[in-house]
1. What do you get for GluC sites (Glu not before Pro) in region 1-89 restricted to DSSP loop and a cutoff of at most 12 other Cβ within 10 Å of the site's Cβ?
2. Taking region 140-220, which GluC sites (Glu not before Pro) meet the DSSP loop condition and have no more than 16 other C-beta atoms within 10 Å?
3. To test your reading of the geometry: what angle, between 0 and 90 degrees and rounded to tens, separates the Cα axis of helix 98-107 from the longest principal axis of the chain?
4. Only loop residues by DSSP count here, and only those with at most 16 other Cβ atoms within 10 Å; note down the trypsin sites (Lys or Arg not before Pro) in region 137-171 that meet that.
5. Considering region 198-297, what Rg and Dmax in Å follow from its alpha-carbon atoms?
6. Region 246-390: Rg/Rh from Cα coordinates, Kirkwood Rh?
7. For the chain, set up a Gaussian network in which alpha carbons nearer than 10 Å are linked by springs, and say which option among Asp174, Asp16, Asp122 fluctuates the most.
8. Where the centroid of each part is defined by its Cα atoms, how far is region 309-376 from region 58-87 in Å?
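Read the figures in this text as sums done on the coordinates, not as results from a lab. Bear in mind that the values here come from a model prediction, so they are computed numbers and not experimental data. Cβ coordinates were reconstructed from backbone atoms using ideal geometry, including for glycine residues, and neighbour counts include every protein chain displayed.
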Amino acid sequence: MSSTVISNIATLVTNDPSLRDDSPLGLVRDAAVVIEGDRVVWTGESRKAPATDNRVDAGGRAVLPGFVDSHSHLVFAGDRTEEFNARMSGRAYGAGGIRTTVAATRAAADAELEANLVRLLDEALRQGTTTFETKSGYGLTVEDEARALRLAARHTDEVTYLGAHVVAPEYAEDPAGYVALVTGEMLDACAPHARWIDVFCEEGAFDGDQARAILTAGKARGLHPRVHANQLSYGPGVRLAVELDAASADHCTHLTDADVDALAGGNTVATLLPGAEFSTRAEWPDARRLLDAGVTVALSTDCNPGSSFTSSVPFCVALAVRDMGMTPDEAVRAATAGGAAALRRDDIGRLAPGAYADLTLLDAPSHVHLAYRPGVPLVAGVWRRGVRRV
Ligand code: NIG
Ligand code: FE
């Protein structure tokens, strides 16, 4: 197996807890990383790096773990430019817009859906994302949900069944019938293609009892829960997520003290999605409050055509630092190790021997520039599973 050293790294973010430094990032200055096959085999100071077959000069720039985008909705057709435009003139965002994308997605051929997915994945890769989770939820029939998951599973292992995104239009008068479908025939068709089950627990989507029934049925089929919780209003989603040991409660924009206490006392990561608040002109989630309470926080894009049409984790990092009370170190950690925790993975989101060689090289001397230089395309190189892709 051939080995490669990436050396002359001004700032290396490892997220390796065994390296004590004064930041949560396990920083190494004047560093090197050695890759063998698809794994990291060594990290440390450049001058101590072992001999390798190949050598890459990082040119005094920063290297960090590839971003882990643990929340996206990439299997869809059409866009919602007009809805965004109207919102920017004052119209409110609501769950109902999802149905616009459902109609376009149902009408699309597999090849069109997959081409759109691949285009967005490529966009994300060029911005440093090396792992992404993605969901169904714009099909809302047995066939269309299973199709979305089949297509997604060709491109990632982190596939989430979100038949419970909103009640399908055909069931507008019979939400209980739709929940029965989601927990019955649709679950049967979807479970083989997914790792996770998700529900949009919100006014206009599914209430706490419905969400509990859906997640419990998924768990019984071996799917692990994650929850769209407390995005547009206060509600039971976050506490339900913790109670069911969901890997993540996502959005967390409207939190009571009881919600924060529940997160702090459980194993559920709070995944914050500032692209959604940006694009819906909503109030920001309070990352500072969660971090101060000891909650593990992840940052992801929520890339979808309605509430957050960005594939850029660097953009989300910049928003989180500017508007959500996070330090640059905390935001970068949330977008790497935090995302890995939200997917219950320890082989990604960090650069230490044994982890996957998923790395991002920045055209900047440190990771802080992701927030300091917002909107600038700083990603200069991306390795995924040890292979240079950008
Ligand atoms: O995470 N909140 C629910 N689902 C998406 C929005 C989907 C849409 O508007 O199409 C979200 O923001
Ligand atoms: Fe979402």
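1. Working: sites: Glu36, Glu45, Glu82, Glu83; in loops: none.
Sparse-neighbourhood loop GluC sites (Glu not before Pro): none present.
2. On the way: sites: Glu143, Glu145, Glu158, Glu170, Glu173, Glu185, Glu202, Glu203; in loops: Glu158, Glu173, Glu202, Glu203.
In loop regions of region 140-220 (DSSP not H, G, I, E or B), the sparsely surrounded GluC sites (Glu not before Pro) are Glu173, Glu203.
3. Rounded to the nearest ten degrees, it is 90.
4. Details: sites: Arg147, Arg150, Arg154; in loops: Arg154.
Counting only loop positions with at most 16 other Cβ atoms within 10 Å, the trypsin sites (Lys or Arg not before Pro) in region 137-171 are Arg154.
5. 12.6, 38
6. On the way: Rg = 15.1 Å, Rh = 15.6 Å.
Ratio of gyration radius to Kirkwood radius: 0.96.
7. The residue that fluctuates most here is Asp174.
8. 13 Å
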